[in-house]
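Worksheet for the structure shown next.
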């Protein structure tokens, strides 16, 4: 018996039209606008503000000038700082901390679990500005809570945001973003049949052996998904600017902060800022393609 479609293709397209208009206006048009802007020398002020000149690939050549590539305050340096930030905050911090919390409270109930989960989720949903300024106060050299505790036990008062700026924003972003990984892994752990764990316990397996032989193989797909998503989000994060402003001496100038400084501070080079944005979009696109290929490979293997 031949099945007939409830709606024709034209009616289906009509339902999709609002979403397509939304994507075109808020995603496609800005992308095209920034792409075109990256080939000009447009600035916020001066003669090139209303009448920019077409400069071709000059902005990209300036970004990838090997003579200046790794100087602090240049694109290469910002890219390397971002890579270290992503490795520490996303790969180790958020994913690792989220998995650790989920595993520690697996199959456990009670006040402690609910309290920890509530605090971790609160760190995620509280507005970024509030969280950032709370951490500035927490890490303050003279009156910060952390240094007050350390000084009380005789460990001194380090100036965290000056002496360890990159480590400070990695710790901040890990603490703030661990909730997503924790919730993802908690849900994934609930799908593991209890009989697997009970069999391992009867066989005398310790915690590490259970994680290595049962949890990790079954969570591998979820870990991969979490890694890709967290990496994409962390690569584009701007919140650390509220803690350090990219300093001191641009030691925490992530690519997102470098883009902001180029386009909206100093000489207000919109054209060069557009070139940086295009490069960032290409990197994000490459990461997304890798993610989709991995997902497809998992489905084929399954």
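Okay, here's what the table says:
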{"item": "Residues of region 95-142 that turn out to be in a loop (DSSP other than H, G, I, E, B) and either surrounded by 12 or more Cβ atoms within 10 Å (Cβ to Cβ) or touching a helix residue (DSSP H, G or I) at 6+ places or on another chain (Cβ under 8 Å) (or both), as a count", "result": "7"}
{"item": "Qualifying residue in region 223-231 (condition: crowded, with 18+ Cβ neighbours inside 10 Å, closer than 30 Å to residue 62 by Cβ and at pLDDT below 90)", "result": "yes"}
{"item": "Residue match in region 41-54 (condition: surrounded by 12 or more Cβ atoms within 10 Å (Cβ to Cβ) and more than 28 Å from residue 256 (Cα to Cα))", "result": "no"}
{"item": "Where residue 66 falls short, out of the listed (1) under 25 Å from residue 239 (Cβ atoms); (2) assigned to a loop (DSSP other than H, G, I, E, B)", "result": "(1)"}
{"item": "Some residue of region 100-119 being in contact (Cβ under 8 Å) with a residue 12 or more places away in the chain and within 18 Å of the chain's Cα centre (by Cα)", "result": "no"}
{"item": "Answer residue from region 251-302, given it is more than 26 Å from residue 39 (Cα to Cα) and at pLDDT 90 or above and is surrounded by the fewest Cβ atoms within 10 Å (Cβ to Cβ) among those", "result": "251"}
{"item": "Scan of region 183-198 for residues that are surrounded by fewer than 13 Cβ atoms within 10 Å (Cβ to Cβ) and either assigned to a helix (DSSP H, G or I) or more than 30 Å from the chain's Cα centre (by Cα) (or both), ordered by number", "result": "187, 190, 193, 194, 195, 198"}
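The values are calculated or read from the model by the stated rules, or taken from the named source; none is laboratory data. Nothing here was measured: the structure is a model prediction, and the numbers come from that model. Don't worry about glycine lacking a Cβ; one is built from the backbone with ideal geometry, like all the others, and counts go over all protein chains shown.
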